[in-house]
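Enquirer: Dumping the structure here so I can ask a few things about it.
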Amino acid sequence: MKKRNWLLLLTFAFVLSVLAACSGDDTKETTAGTDDSTATEGEKVLNFLNPEAIPSMDPSLATDESSFVYLSATMDGLYRLDKDTKPSPGIATNHTVSEDGLTWTFTLREDAKWSNGDPVTANDFVYAWQRAVNPDTGSEYGPYMMNGVIKNATAVSSGELPVADLGVKADGDYTLVVELENPTPYFETLTTFGTFLPLNQKFVEEKGDSFATNSENLLANGPYTITDWDSTSNSWNLVKNADYWDASTVKMDQLTFEVVKDPQTAVDLYEKGQVDRVDLTSDLVDQYSTDEDYVVSADTFVYFIKLNKESNEALANKNIRLAISTAFDKEALVDEILNNGSIVANGLVPKDFTPMPETGEDFREVSGDLVTYNLEEAKELWAKGLEELGTDSVELEFLADDDATTKTLIQYVANQLSTNLEGLTVNIKQVPKEQRLDLDDSMDYEMQLSRWGPDFLDPFTFLNLWTTDSGNNWTGYSNADYDKLVQDTANTLATDNVARYDNFLQAEKLLFEDAPIAPVYQASRAQLVSPKVQDVFVNPFGPTYEYKWADVAE
């Protein structure tokens, strides 16, 4: 997402947590992998599960958690987040910033190679960033991340200027010069995000439409290469990249991944020692909460229901949207349905995410509970909305992913809404995640369970989602006052952090007065993690898992 200048942000960076339990059950099998033939004796191998297939391995087109995790594992940008959430060297060895803060000059290492042997050069960044904002590419994140940040990005992404006018230039092979719209001291952290990864222009253009559709049509310049993968794969491997410039740091020979959507099947694989980490659903939390391998990790993902006002006459009615937002019991949902440490979301910006600039108070605490479960109020709003529509019944389709946990969750919400709001019928539609994302992009849905995880440490990463021109606002929501509040934090107030945060508080309140979304919960992860898993870090923003430093305990 777009980011602006607050040095203060960097002082509040989260410390990453290590996904490893203190000890394990020595009686558990330790055979690596669901297929022993994938590992060679003596190799270091860890075996993980993924909840869905990888939607995209194209940095310009990726928009979701899984895609960014595997892009991060196989590619280096200018910098990479380390275990303390601080930028560590990637392709850039250092950089300088002009006195006015608008020009950043990065010195690139000369020993970085693509997996086809080509050197990684400054032009690879120029090409990738231009491609991401080129309207012909159809990228969501390119404009979303770069507009208002990189000079001319907004004009380029809207087709008003050619891509060559984007504020990024190569000064020879190993110097990258970036011009910004506004001073942005945290820009170094921004460069760790997947949208800013480089691309080998010759390779991408030779592959054409086949680029990033399978392992053979990808290049890596990072810690691992991905093998045995295509866009429909239910399993794949990350294999140590021997040509990586920092290969001596990478301790793992291979990480295996398999898509398993059934929670019990996943736990059975863990119990057999065939996988080394597994997410637990609510019923399994009760069973394993005393297990020595049990780990709960707080998350900054916020789940919400998107209400597409352009898809249905009822959802175009503000009172109907407000009624839906307040008509389901979120406390029962997190306590009984999820049961994994997740907490109720009564706003959009998550709890324990970012502090206020002067007082250090948590933003969520200051902003308060903006949307709470209130059945009496919900019924009144619903009745008023039906009267305005001139009807006594409404039928809505509820879109969601097709994993087991989501199925239970949306069944609960759908039942609550249908029971509490007289005359409402909710029809559930579950599809694979990639298909849901496509339906979201085309606004081919009515209600949708969605989520957002932050890409940087600031409320802007959440609140900019719902501005009129946002590349992720597929709800039909538009409010000029909201747009101004959010956009001013990125330009006229860019150097006044106190004023910026006041705008954020006002914007979040206005958002829920208009109700284009209904907040549901802030996630936590309840997992079983093998004690042999070492130095797999969990990022509070950006890619969820960092595998570069992964190791196996002796």
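The values are calculated or read from the model by the stated rules, or taken from the named source; none is laboratory data. The structure displayed is predicted, hence computed values, not measured ones. Note that we place each Cβ from the backbone using ideal geometry, even for glycine, and neighbour counts take in every protein chain shown.
Enquirer: For the stretch 110-118, does any single residue satisfy the condition of being modelled with pLDDT under 95, closer than 27 Å to Ser215 by Cα and of a type in the set (Asp, Glu)?
Expert: no
Enquirer: Looking at Glu188 and the list (1) assigned to a helix (DSSP H, G or I); (2) surrounded by fewer than 19 Cβ atoms within 10 Å (Cβ to Cβ); (3) at pLDDT 95 or above, which single condition is not satisfied?
Expert: (3)
Enquirer: Right, here's the next one. For Glu310, are the conditions met, namely being within 30 Å of Thr475 (Cα to Cα), surrounded by fewer than 22 Cβ atoms within 10 Å (Cβ to Cβ), modelled with pLDDT of 95 or more and not assigned by TED's automatic domain parsing to the domain that holds Leu49?
Expert: Criteria met by Glu310.
Enquirer: I would also like to ask the following. So which residues in the stretch 137-185 are out of contact with any helix residue (DSSP H, G or I) (no Cβ under 7 Å at 6 or more places or on another chain), part of a helix (DSSP H, G or I) and crowded, with 20+ Cβ neighbours inside 10 Å?
Expert: Once the filter is applied, which keeps residues that are out of contact with any helix residue (DSSP H, G or I) (no Cβ under 7 Å at 6 or more places or on another chain), part of a helix (DSSP H, G or I) and crowded, with 20+ Cβ neighbours inside 10 Å, the stretch 137-185 yields only Tyr144.
Enquirer: Does the stretch 217-224 contain at least one residue that is surrounded by fewer than 23 Cβ atoms within 10 Å (Cβ to Cβ) and assigned to a helix (DSSP H, G or I)?
Expert: yes
Enquirer: For Phe203, state whether it is over 26 Å from the mean Cα position of the chain (by Cα) and among the aromatic types (Phe, Trp, Tyr).
Expert: Yes.
Enquirer: Right, another one. Which pairs turn up if I take residues in the stretch 354-369 that are free of Cβ contacts under 8 Å to residues at least 12 places away in the same chain and look for partners that are among the polar types (S, T, N, Q) with beta carbon separation below 8 Å, at least 6 apart in sequence or on another chain?
Expert: Hits for this filter: Asp362/Thr354.
Enquirer: Free of Cβ contacts under 8 Å to residues at least 24 places away in the same chain, surrounded by fewer than 20 Cβ atoms within 10 Å (Cβ to Cβ) and more than 20 Å from Met75 (Cα to Cα): is that true of Thr290 in this structure?
Expert: So Thr290 passes the test.
Enquirer: Could you tell me whether the stretch 253-264 includes any residue that is loosely packed, with under 14 Cβ neighbours inside 10 Å, assigned to a helix (DSSP H, G or I) and modelled with pLDDT under 95?
Expert: Looking through the stretch 253-264, at least one residue is loosely packed, with under 14 Cβ neighbours inside 10 Å, assigned to a helix (DSSP H, G or I) and modelled with pLDDT under 95.
Enquirer: Please go through the stretch 99-133 and pick out each residue that is within 30 Å of Ala494 (Cα to Cα), charged (D, E, K, R) and touching a residue at least 60 places away in the same chain (Cβ under 8 Å).
Expert: Selection gives Asp100, Asp124, Arg131.
Enquirer: Same structure, new question: For the stretch 191-216, what are the residues that are assigned to a loop (DSSP other than H, G, I, E, B) and within 30 Å of Leu102 (Cβ to Cβ)?
Expert: Matches in the stretch 191-216: Thr191, Thr192, Phe193, Leu197, Pro198, Leu199, Asn200.
Enquirer: Okay, next question. When you go through (1) touching a residue at least 60 places away in the same chain (Cβ under 8 Å); (2) of a type outside the set (D, E, K, R); (3) under 18 Å from Phe301 (Cα atoms) one by one for Trp466, which number turns out not to apply?
Expert: (1)
Enquirer: A further question on this structure: Would you check which residues across the stretch 134-155 are free of Cβ contacts under 8 Å to residues at least 60 places away in the same chain, under 21 Å from Phe460 (Cβ atoms) and not basic (Lys, Arg) and list them?
Expert: Ile150, Asn152, Ala153, Thr154, Ala155, listed by residue number.
Enquirer: Quick check on my filter: what residues within the stretch 516-554 are of a type in the set (Ser, Thr, Tyr) and more than 19 Å from Thr191 (Cα to Cα)? Let's see the steps before the verdict.
Expert: Taking the stretch 516-554 as the starting set, the residues that turn out to be of a type in the set (Ser, Thr, Tyr) are 521, 524, 530, 544-545, 547.
Within the stretch 516-554, Tyr521, Ser524, Ser530 qualify.
Enquirer: Now for a separate question. Quick check on the stretch 470-484: of everything there that is over 24 Å from the mean Cα position of the chain (by Cα) and not polar (S, T, N, Q), which residue is surrounded by the fewest Cβ atoms within 10 Å (Cβ to Cβ)?
Expert: Out of the qualifying residues, it is Ala480.
Enquirer: Spot the failing condition for Asn319; the list is (1) closer than 16 Å to Ile517 by Cβ; (2) assigned to a loop (DSSP other than H, G, I, E, B); (3) polar (S, T, N, Q), and only one is missed.
Expert: The single condition Asn319 does not satisfy is (2).
Enquirer: Considering each of Glu380, Glu292, Glu361 in turn, give the residue that is within 26 Å of Ser478 (Cα to Cα), among the acidic types (Asp, Glu) and either modelled with pLDDT of 95 or more or touching a strand residue (DSSP E or B) at 6+ places or on another chain (Cβ under 9 Å) (or both). Let's see the steps before the verdict.
Expert: Values: Glu292 fails: within 26 Å of Ser478 (Cα to Cα); Glu361 fails: within 26 Å of Ser478 (Cα to Cα).
Of the residues listed, the single one that is within 26 Å of Ser478 (Cα to Cα), among the acidic types (Asp, Glu) and either modelled with pLDDT of 95 or more or touching a strand residue (DSSP E or B) at 6+ places or on another chain (Cβ under 9 Å) (or both) is Glu380.
Enquirer: Would you mind finding the one in Val302, Val394 that is at pLDDT 95 or above, in contact with a Lys or Arg (Cβ under 9 Å, 6 or more places away or on another chain) and surrounded by 19 or more Cβ atoms within 10 Å (Cβ to Cβ)?
Expert: Details: Val394 fails: in contact with a Lys or Arg (Cβ under 9 Å, 6 or more places away or on another chain).
Just one listed residue meets the conditions, Val302.
Enquirer: When you scan the stretch 488-500, how many residues do you find that are modelled with pLDDT of 85 or more, closer than 17 Å to Met146 by Cα and crowded, with 20+ Cβ neighbours inside 10 Å?
Expert: Of the residues in that region, 1 qualify.
Enquirer: Just one of the numbered conditions (1) outside any strand (DSSP E or B); (2) at pLDDT 90 or above is not true of Leu399; which one?
Expert: The one condition Leu399 does not meet is (1).
Enquirer: I've got another one for you. Look at the stretch 265-295 and say how many of its residues are acidic (Asp, Glu) and in a loop (DSSP other than H, G, I, E, B). Working first, answer last.
Expert: Initially, the stretch 265-295 is screened for residues acidic (Asp, Glu), giving 268, 271, 276, 279, 283, 286, 291-293.
Now drop any that are not in a loop (DSSP other than H, G, I, E, B), which leaves 276, 291-293.
Of the residues in the stretch 265-295, 4 are acidic (Asp, Glu) and in a loop (DSSP other than H, G, I, E, B).
Enquirer: Can you pull out the residues in the stretch 209-235 that are touching a Leu at 6+ places or on another chain (Cβ under 9 Å) and of a type in the set (Ser, Thr, Tyr)?
Expert: Step one: list which residues in the stretch 209-235 are touching a Leu at 6+ places or on another chain (Cβ under 9 Å), which gives 211-212, 219, 221-227, 229.
Result: Tyr224, Thr225, Thr227.
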